[in-house]
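Visitor: Questions regarding the structure given below will be posed in turn.
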Amino acid sequence: MPNAHTPPEEIDPVRARRAQVAKWTLLANRVGYLFVALAMALFVIAFAVGFSALMANLVIISFVIGCVLLAPSIIVGYAVKAAERDDRERGF
């Protein structure tokens, strides 16, 4: 338990920003996979019922949204994990 003479622990702004980026990356990952799952479900429904222009467009749009969200979020997520691992290895 810190006493009155112990300075408060400083919050590293880089690590705080990295945590914030990791949080947004996780959210983008989840939403991206949700859109890919939606595209797959719409494709199966369209395959069973019969393809129409509307269903084809919905499948394509949901898949593109999923890919647009997933591509950068996966890359940034790996970058955040690598930076955290590097900090641990260096003792920061």
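Taken together, the values in this text are just the output of simple stated rules run on the coordinates, not laboratory data. Treat the numbers as computed from the prediction; the structure is a model and nothing was measured.
Visitor: Assuming 0.36 nm per residue, please report the length gained on full extension of the stretch residue 79 to residue 21 beyond their Cα-Cα distance.
Guide: Length gained, residue 79 through residue 21: 19.9 nm.
Visitor: Using just the helices of the chain, give the 222 nm mean residue ellipticity in deg cm²/dmol: DSSP H runs with n ≥ 4 each add -39,500 (n - 2.57), and the total is spread over all residues, rounded to 500.
Guide: -30000 deg cm²/dmol
Visitor: In percent, what relative contact order does segment 4-84 have, based on Cα pairs under 8 Å that are 6 or more apart in sequence?
Guide: Here the relative contact order equals 40 percent.
Visitor: From the phi angles alone, apply the Karplus equation (6.51, -1.76, 1.60; θ = phi - 60°) to segment 10-17 and give each ³J(HN,Hα) in whole Hz, x where the residue is Gly or Pro.
Guide: Residue by residue, segment 10-17 yields 6, 8, 6, x, 5, 5, 5, 5 Hz.
Visitor: Something else about it: Which value does Rg/Rh take for the chain over its C-alpha atoms, Rh per Kirkwood?
Guide: Checking Rg against Rh, the ratio lands at 1.31.
Visitor: To the nearest 10 degrees, how steep is helix 53-90 against the longest Cα principal axis of the chain, on a 0 to 90 scale?
Guide: The angle comes out at about 20 degrees.
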